[in-house]
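Reviewing the structure listed below.
The values are calculated or read from the model by the stated rules, or taken from the named source; none is laboratory data. Just so it is clear, the model here is predicted, and its values are computed rather than measured. Positions of Cβ are backbone-derived with ideal geometry, glycine not excepted, and every protein chain shown enters the neighbour counts.
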Amino acid sequence: MSVKDKVSIVTGAAKGIGEGIAQKLGEHGSKIIIADIDEEDGIKALDRLESMGIEAIFVKTDISNEQDVKDMIQAGVQEFGGIDILINNAAISLRKSVLDTTLEEWQKVLNINLTGAFLCSKYSIPEMEKRGGGSIVNIASFHADSTIPRIAAYATSKGGLTALTRQMALDCGPLHIRVNAVSPGIIDSGQLIWKDYPNPDEALNQSLAFQPLGRIGTIEDVANSCLFLASDQASYISGHTLRVDGGVFSKMARPLLFD
């Protein structure tokens with residue numbers, strides 16, 4: 001799947017899933033703009049990409065800040081000549097119910113997870129239009145459709161992101177810009193929830209028992225899905241949310257781990 005010579009923005013690409021997506025796109029010939037608020041880890045990620053022969057830049061960006069987003073996109077255009085692909089990956093989580101969540105916490109999660117994707121899309125789309133089209137991939141979550149207790153702001157933000165995906169697909173279709181989402185399940189991104197439990201092995205076994213495929217998802221699983229949707233091989237796919245969850249969404253019960 002070729003994205004050769006395409007220019008890709010990946011938000012939240014300083015580490016974890018975002019870095020994995022940036023690496024996957026870069027391995028297939030894309031030039032990469034790492035947009036992340038974490039400058040230290042962002043520069044380290046840039047070094048790793050460049051050591052692999054991937055052409056990339058890092059731009060420190062608070063995606064909830066409109067001017068930061070404008071400046072990031074302008075830096076990418078100045079460096080590489082335009083924008084072809086946007087991966088809206090950056091996000092934060094919060095394990096609280098509606099009753100326990102403060103307004104400030106609610107707004108912070110929504111500003112990064114949803115408004116950030118809106119801003120990055122809003123200011124990337126005109127640059128894609130100049131190049132005859134493009135592809136946007138939003139990283140949603142299974143929490144958008146079937147969630148767990150005490151994760152109100154995060155689940156709401158991801159539900160909003162899938163709705164935004166459908167809306168942008170309609171608005172951007174005439175511009176030859178496709179918009180899709182990837183909805184990961186439980187992914188081993190180095191920050192797995194059970195590592196904080198008193199008995200991590202028991203928690204992991206509970207989670208594995210819940211997986212129809214008998215394993216936890218990997219960063220590579222998510223990155224491969226993004227590569228496909230970003231590439232021309234998905235040229236007739238738009239407005240779609242691709243579940244990358246190993247079949248978890250098809251199950252009715254939730255493991256005790258998440259009670």
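Quick notes on this structure:
- Any hit, segment 243-257, residues being surrounded by 16 or more Cβ atoms within 10 Å (Cβ to Cβ), at pLDDT 95 or above and out of contact with any Leu (no Cβ under 6 Å at 6 or more places or on another chain): yes
- Scanning segment 197-222 for residues that are among the hydrophobic types (A, V, I, L, M, F, W, C) and either part of a loop (DSSP other than H, G, I, E, B) or over 26 Å from Leu242 (Cβ atoms) (or both) gives Ala203, Leu213, Ile216.
- Residue selected from segment 96-107 under the condition in contact with a helix residue (DSSP H, G or I) (Cβ under 8 Å, 6 or more places away or on another chain) and either part of a helix (DSSP H, G or I) or basic (Lys, Arg) (or both), by the criterion nearest to Arg150 (Cα to Cα): Lys96
- Leading residue by the ranking (farthest from Val3 (Cα to Cα)) among those in segment 133-152 that are outside any strand (DSSP E or B) and either at pLDDT 95 or above or aromatic (Phe, Trp, Tyr) (or both): Phe142
- Residue check for Thr165: out of contact with any helix residue (DSSP H, G or I) (no Cβ under 8 Å at 6 or more places or on another chain) and either modelled with pLDDT of 90 or more or assigned to a strand (DSSP E or B) (or both): yes
- Ile177 vs. criteria in contact with a helix residue (DSSP H, G or I) (Cβ under 8 Å, 6 or more places away or on another chain), modelled with pLDDT under 95 and of a type in the set (Val, Ile, Thr): no
- Selection within segment 223-253 - more than 19 Å from Arg166 (Cβ to Cβ), touching a Phe, Trp or Tyr at 6+ places or on another chain (Cβ under 8 Å) and in a helix (DSSP H, G or I): Val248
- Only listed residue being basic (Lys, Arg), within 16 Å of Cys226 (Cβ to Cβ) and either part of a helix (DSSP H, G or I) or in contact (Cβ under 8 Å) with a residue 40 or more places away in the chain (or both), chosen from Lys24, Lys44: Lys24
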